[in-house]
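Visitor: One structure coming up, written as structure tokens, with questions to follow.
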Amino acid sequence: MTLRLRQICLAVPALAPAVDAVRSVFGLEVCHRDEAVAKYGLENALFVFGWQFLEIVAPLTGGTAAGRFIEKSGGRGGYMAIFDTDDPERRREHVLALGIRIAHEMDYPSFRGIQLHPRDGRATMLEFDRSLGNQRLDGAYWPAGPHWQQQQRLDLVGGMPWVEVQGPDPEDLAAHWARIIDAPLARDAAGRPELAFELGGVRFRTGPTEMLATLQVQVADPADVLAAARAAGCTVDDGGFRLGGVRFEPVTLRP
């Protein structure tokens, strides 16, 4: 059964500054812009992070779900965690049986996906997708367009091995996600809860509010990335920087 943490979506007030920052910091170019999101009052851009994707969305009009998220959160936290799977139909029935609401369904000849209600996911919105041809990592991934491979730079960015989700009760939040995602809950060396998937996993930590807080990114040179982030005007701390409402933590790219 395929279950990959394939894509993280960030919501920002304005798209261009965030896109320019990602370009400057990571040395990547946009792999896809989906004009169809305009019907939801949004514009977007996707970048290839190894075999995963970082999407940035921004509202074009008032009253969008992304705009409400930005207002409610104060622009803090990741907007969506998106899983690439082979069984969105089964997962649809599973979450409905748990009493989890489905906010949006997508059904096209080459793509099937469900987005869960953000209040039911709690820390962030969760989505489960299947693209025709997704059996191969280098195969089709509909949300990123037909030519995403052309912008893949494995020499610069290797992926997002871990994302960090926080909340006042990380144990309860981790158990909630484990039920929704239908995945076994594991523990790190310190006994803290985590969920592991193909490509990347989710770690749960204590924090004042429930949100997707940190993206760990494998890069060729973490020091160069931090320097580029500082030059791009991002707030830099000891080992990370803030962009698009989350903290990026660059770590050394594995061979």
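Visitor: What full-extension length gain, to one decimal in nm, is calculated for residue 2 and residue 90 as 0.36 nm per residue of separation minus the Cα-Cα distance?
Guide: Residue separation times 0.36 nm, minus the Cα-Cα distance, leaves 30.4 nm.
Visitor: What is the dipole size for region 3-134, taken about its Cα centre, with +1 at each Lys and Arg Cβ and -1 at each Asp and Glu Cβ, in debye to the nearest 20?
Guide: With Lys and Arg at +1 and Asp and Glu at -1, about 400 debye.
Visitor: Which loop GluC sites (Glu not before Pro) in region 154-255, with loop taken from DSSP, have no more than 10 other Cβ atoms within 10 angstrom of their Cβ?
Guide: Qualifying residues, ordered by number: none.
Visitor: What FRET efficiency, computed as 1/(1 + (r/R0)^6) with R0 = 35 Å and r the Cβ-Cβ distance, is obtained for residue 209 and residue 138, rounded to the nearest 0.05?
Guide: Result of the calculation: an efficiency of 0.40.
Visitor: Same structure again: Divide by every residue of the chain the summed helix terms, -39500 (n - 2.57) for each DSSP H run of at least 4, and state the resulting mean residue ellipticity at 222 nm, rounded to the nearest 500 deg cm²/dmol. Working shown, then result.
Guide: Details: 6 runs with 57 residues, N = 255.
It lands at -6500 deg cm²/dmol.
Visitor: Sticking with this one: Where nothing but the Cβ of Lys and Arg (+1) and of Asp and Glu (-1) is charged, how large is the charge dipole of region 157-252 around its Cα centre, in debye to the nearest 20?
Guide: Computed about the Cα centre, the dipole is about 120 debye.
Visitor: Using +1 at the C-beta of Lys and Arg and -1 at the C-beta of Asp and Glu, which of 176, 106, 10 has the Cα lying farthest in the positive direction of the dipole of the chain?
Guide: About the Cα centre, the residue reaching furthest to the positive side is 176.
Visitor: Just in region 94-184: which chymotrypsin sites (Phe, Trp or Tyr not before Pro) are loop by DSSP and have at most 11 other Cβ atoms within 10 Å?
Guide: Answer by residue number: there is no such site.
Visitor: Then there is this: About its Cα centre, how strong a charge dipole does the chain have in debye, to the nearest 20, once Lys and Arg get +1 and Asp and Glu get -1 at the Cβ?
Guide: Numbers: 27 positive and 33 negative charges, 55 e Å.
So the magnitude is around 260 debye.
Visitor: Give the Debye-formula value of log10 I(q)/I(0) at each listed q (0.22, 0.23 Å⁻¹), with one equal scatterer per alpha carbon of region 1-106, two decimals each.
Guide: -1.28, -1.33
Visitor: Apply the Karplus parameterisation 6.51 cos²θ - 1.76 cosθ + 1.60, with θ equal to phi minus 60°, to every residue of region 152-163 and state each ³J(HN,Hα) to the nearest whole Hz, in sequence, with x for glycine and proline.
Guide: Coupling constants for region 152-163: 6, 10, 5, 6, 9, 9, x, x, 10, x, 9, 10 Hz.
Visitor: If you plug each phi of region 118-132 into the Karplus form 6.51 cos²θ - 1.76 cosθ + 1.60 with θ = phi - 60°, what whole-Hz ³J(HN,Hα) values come out, in order, with x for Gly and Pro?
Guide: x, 5, 7, x, 6, 5, 6, 6, 10, 9, 10, 10, 9, 9, 5
Visitor: Could you give the Stokes-Einstein D for region 157-252 in µm² per second, using the C-alpha Kirkwood radius, 25 °C, 0.890 mPa s?
Guide: This corresponds to a translational diffusion coefficient of 173 µm²/s.
Visitor: I've got another one for you. Grab the beta carbon distance between residue 107 and residue 182, set R0 = 22 Å, and tell me the FRET efficiency rounded to 0.05.
Guide: E between residue 107 and residue 182, to the nearest 0.05, is 0.55.
Visitor: Which percentage, to the nearest 5, of the DSSP beta bridges contained in the chain is antiparallel?
Guide: Within the chain, antiparallel bridges account for around 65 percent of the total.
Visitor: Sort 125, 211 so the one with the fewest other Cβ atoms within 10 Å of its own Cβ comes first.
Guide: With the fewest neighbours first, 125, 211 line up as 211, 125.
Coordinate-derived values only; no laboratory data. Bear in mind the structure is a predicted one, so any value in this text is a computation, not a measurement. Please note: Cβ atoms are built from the backbone with ideal geometry, for glycine as well, and neighbour counts cover all protein chains shown.
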